[in-house]
Amino acid sequence: MSVLSNNTILSKYLSLEQRGQVQIEYVWIDGMNNVRSKTRTINFVPKSASELSEWNFDGSSTGQAEGHDSDVLIQPVALYSDPFRGGDNKLALCATYNPDGTPHKTNYRHACKQVMDAHADSKPWFGIEQEYMFFDPETAKPYGWPKHGFPAPQGPFYCGVGAGKIFGRDIVEAHYRACLYAGVNISGVNAEVAPGQYEYQVGPCEGIAMGDELWISRYILERVAEDFGIIVSIHPKPVKGDWNGAGCHTNFSTEAMRQENGIVEIEKAINKMAKRHLEHIAVYGEDNDQRLTGRHETGHINDFSYGVANRGASIRIPRHVGKEGKGYLEDRRPASNIDPYRVTGIIMESTFLPDN
Ligand code: ADP
Ligand code: MN
Ligand code: MN
Ligand code: MN
Ligand code: MN
């Protein structure tokens, strides 16, 4: 395939001396729940995002502004090693602002950061399980699916091994290593229930870092899959019918939950979240109703439930947490296409609502 030979030639140029100049890839979230990026050269090696200057882009091309007055500002907020260029080059995750300095309406990080800062002493940890599916651009079908008809029913694919069961392991492996190189706290990967579907986990991450790291891990996935000429879908129901949808199970704990008898705190938080089920669902992803049907290891979108080791519940207390009486909870409702800033933000907000 031509995409592969291009990358072979590219590697020759990527090994050229940079003469002290550093390439910074500014990455931001657009108005369509996608990532965008562009590059600038600087003449020093930054140690943190705060050393990088603000920049701007044309918001009328990203669903973030009208034609006139279309500048949107981007402020670097987190810095990662660039796994594509290597060396001293960096990826800079940015937050978006209006020209007057107020947060852009698609900047969900701003409010998330406020609630994280307000309760920083509770030491909130999150772990997100990002599920997704590869698509073949030539057939517009999930990667590895036959041109006509369907693959065998679900069964052999979850954590599967062997030809005919796994499609795209090379992309998964490349993404995993690229995340480790970047400094993303990726904690694992596994093949999922539908063929061509995968999951990786990021976490535990404290506070605002959860949203930052999940977004940059998605950026890295898009870039890696681009190299392989394969499309990534984070739609919650990428294939209609008897095929599993895709979620972003969000695991959560505070220091109090992680301590002896923390299960009491876990249940308190669950009871508060239960009272705001629909408010949570409202920020748990577009088209999540197609996924939360009460089938395929989900709870129904209109019902709130929780239980130990129950994968059909809205919130699951892992079996080992129930047994040890401390640990974390797993909110299984969030869809694969969430903005993690909104989800971690509302979980914090609900957990710290005053009693009654
Ligand atoms: P599952 O059994 O639901 O498939 P995974 O192993 O895929 O679970 O994901 C569990 C996630 O929970 C990981 O991202 C992990 O980092 C995260 N996690 C583990 N301990 C905690 C904790 N105390 N608080 C928050 N998240 C945690
Ligand atoms: Mn231009
Ligand atoms: Mn998992
Ligand atoms: Mn999963
Ligand atoms: Mn899970």
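Readers should treat all values here as calculations from the given coordinates under stated rules, not as data from a laboratory. None of the values given here were measured: they were computed from a predicted structure. Using ideal geometry, Cβ is built from the backbone for each residue, glycine included, and neighbour counts are taken over all protein chains shown.
Before moving on, here are some points about what is shown:
- Cα shape, the range 65-133, gyration tensor, a/c 1.5 rule: oblate
- Cβ-based charge dipole, the chain, positive-most Cα from SER11, GLY155, ALA174: GLY155
- Computed from backbone phi, the HN-Hα couplings of the range 151-156 come to x, 4, x, 4, x, x Hz, rounded to whole numbers (Karplus: 6.51 cos²θ - 1.76 cosθ + 1.60, θ = phi - 60°; Gly and Pro given as x).
- Using the Cβ-Cβ distance between SER15 and GLU222 with R0 set to 30 Å, the FRET efficiency works out to roughly 0.80.
- For the chain, complete DSSP H runs whose alpha carbons reach 27 Å or more along their own long axis and whose mean Kyte-Doolittle score is -1.0 or higher are 209-228.
- Efficiency of FRET between LEU278 and ASN6 - r from beta-carbon atoms, R0 51 angstrom, step 0.05: 0.60
- Segments 316-323, 141-148, 213-220, 107-114 sorted - mean Cβ within 10 Å per residue, highest first: 213-220, 107-114, 316-323, 141-148
- Among the listed pairs LYS268/LYS323; LYS90/LYS113; LYS38/LYS123; LYS237/LYS323, those beyond 26 Å (Cα-Cα): LYS38/LYS123; LYS237/LYS323
- Spin-label proximity, GLN290 to the range 214-248 - amide N less than 11 Å from point 7 Å beyond Cα toward beta carbon: 234-241, 245-246
- With a simple spin-label model that places each label point 7 Å from the Cα along the Cα-to-Cβ direction, the separation between ASP242 and GLU324 comes to 3.9 nm.
- Extension gain (nm, one decimal) between ASN34 and LYS147, 0.36 nm per residue minus Cα-Cα: 37.9 nm
- The slack in the chain from GLN114 to ARG177, taken as 0.36 nm per residue of separation less the alpha-carbon distance, amounts to 19.5 nm.
- Available extension along the chain between ASN261 and VAL161 is 32.1 nm, counting 0.36 nm per residue and deducting the alpha carbon span.
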